[in-house]
Amino acid sequence: MQYRSIGKTGMSASIIGLGAEHLDNKPYETVETVINTALDHEFNIMDVFMPGETVRKHIGRALDGRRDKVLIQGHICSTDIKEQYDRSRDLPTVKKYFEDLLRFLKTDYIDLGMLFFIDTEKDFSDVFETDILRYAQDLKQQGTIRAIGASSHDPVTARRVVETGVVDLLMFSINPAFDMATANTYVIEYLEKGVFDFEKKLDHDRAALYRLCEQKEVAITVMKTLGAGKLLSAEHTPFARPLTAAQCIHYALTRPAVVSALIGCATREEVLDAAAYLDTSDADRDYSAVIQDFQGDFKGHCYYCNHCLPCPSQIDIAGVHKYLDIALLDQANIPPAIVSQYKALDHHASECTACGSCEERCPFSVSIVKNMEKTVALFNT
């Protein structure tokens, strides 16, 4: 397994994590098998947004004796009023369900306390301008949660969340189809209704969000990595052909700020399928051809696919472009952490010989040599 740092929290997450949603309404034996298989394969992060008592108790029982092996994303504001999944902004109700989460999981702390489902301006104001935010901050001060995060499906609202400076982690829906949605497409409705409109280019708001998160050292954990399975289906994929699970996972993991792709698993076999990503070849992970086939105008923009490799100078070209894209957000005030991370690369843009072999292989006609020159100018190496 590989691990990535969760922003400034001091915690690190496995690049493949467990989304526990599909464990709801499953017998305990299934929950135990899935969780133990994930932990045995060194998954160390799990999202538990489900508010139901039974599933929480099953997860707590399955984690007995292994609680310290996993980072739990537990959600604040997730409720099941009248036995229906819902979100509440009523503080006493919010407290009840969060305290129940601790009790049912048989733990006295949650690693990542996630402010739940911040998708609209009203969601934002109902959480970030009320006592709910203060409640989360008090939980962090007390050590009941180790870090504050938030979940969202909307890039504009998510940007507001990140800009507060309050959160260390954003749980966000990322896959190639969502990243090419039109500005007014609500991705949850797409999954439910199958109605999807393409922008035929990478959505500016979503791309800008990922770069902002990297700039602010806010980590991203990814939900909807496989698009609820639709991207793997020849019948339902919006592309000319379906993607594989490895391509979807790799796409998510190559976005700026992403630390873990959370895969919903209901069986041992599904956990093993997710873990198999670690053993796939670069060719099997390559998603560029599927995106390129989509008749859209993608020219000139790096999609971090590494199709340009190998570089004779051994430069991580996609990695350099990530830091360049982030630096270009505010050239006069590049965050020291970004400078440090760029300089920690084994090879830098200054080592580029301008041979052009990368540009010959790039499926998106990126001006790589010129971008290397820009990078040297910004980072002085």
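The values are calculated or read from the model by the stated rules, or taken from the named source; none is laboratory data. Values in this document were obtained by computation on a predicted structure and should not be read as measured data. Virtual Cβ from ideal backbone geometry, glycine too; neighbours counted across all protein chains shown. In case anyone asks, the SASA skips ligands and DNA or RNA and just uses the protein heavy atoms, side chains included. Shrake-Rupley method; radii C 1.70, N 1.55, O 1.52, S 1.80 Å.
Observations on the model:
- Heavy-atom surface analysis with a 1.4 Å probe gives the chain a carbon and sulfur content of 45 percent of its accessible area.
- The convex hull around the C-alpha trace of region 206-261, projected and averaged over every direction, spans 3.8 square nanometres.
- Size of charge dipole - region 47-146 - debye, nearest 20, with Cβ of Lys, Arg +1 and Asp, Glu -1, no other charges: 500
- Across region 44-56, rounded Karplus estimates of 3J(HN,Hα) from the backbone phi angles (6.51 cos²θ - 1.76 cosθ + 1.60, θ = phi - 60°) give 10, 9, 9, 9, 10, 9, 5, x, x, 5, 5, 5, 5 Hz, Gly and Pro being marked x.
- Taking every C-alpha pair closer than 8 Å and separated by at least 6 residues, the mean separation divided by the residue count of the chain gives a relative contact order of 15 percent.
- Peptides 109-115, 151-157 ordered by average Cβ neighbours within 10 Å, highest first: 109-115, 151-157
- Reduced Cα scattering model of the chain, Debye log10 I(q)/I(0), q = 0.07, 0.12, 0.13 Å⁻¹: -0.31, -0.93, -1.09
- Backbone phi angles across region 339-351, fed through the Karplus curve with coefficients 6.51, -1.76 and 1.60 (θ = phi - 60°), yield HN-Hα couplings of 4, 4, 5, 4, 5, 6, 4, 5, 9, 10, 4, 5, 8 Hz in residue order; Gly and Pro are listed as x.
- Amide hydrogen neighbours beyond the local backbone of G264, cut-off 5 Å, H modeled: G19
- Among Q314, L133, M372 the positive-end extreme of the charge dipole of the chain (Cβ point charges): L133
- The dipole here belongs to region 94-149: it is taken about the Cα centre, uses +1 on the Cβ of Lys and Arg and -1 on the Cβ of Asp and Glu, and is about 300 debye.
- About the Cα centre, charge dipole magnitude for region 1-106 (Lys/Arg +1, Asp/Glu -1 at Cβ), debye: 380
- Interchain or long-range residues, amide H under 5 Å from F49's placed H: A20
- Taking only the Cα atoms of region 304-372, the ratio Rg/Rh comes out at 0.96, with Rh defined as the Kirkwood radius.
- Q142-D90 FRET efficiency (beta carbon distance; Förster radius 25 Å; 0.05 resolution): 0.70
- Measuring nothing but how far apart in sequence close Cα pairs (under 8 Å, 6+ apart) lie, relative to its length, region 8-156 scores a relative contact order of 20 percent.
- Ligands, DNA and RNA are left out, and with a 1.4 angstrom probe the accessible area of region 208-303 is 39 Å² per residue.
- For the peptides 168-180, 272-284, the ranking by mean Cβ contacts within 10 Å, running from highest to lowest, is 168-180, 272-284.
- Cα gyration tensor category, rounded, prolate or oblate, for region 81-120 with a/c compared to 1.5: oblate
- Whole-Hz ³J(HN,Hα) from phi, Karplus 6.51 cos²θ - 1.76 cosθ + 1.60, for region 365-375, glycine and proline x: 6, 6, 7, 5, 4, 5, 5, 5, 5, 4, 5
- For region 94-161, the calculated P(r), taken from all Cα-Cα distances in 10 Å bins from zero up to the bin holding the longest distance, is 21, 51, 26, 3 percent.
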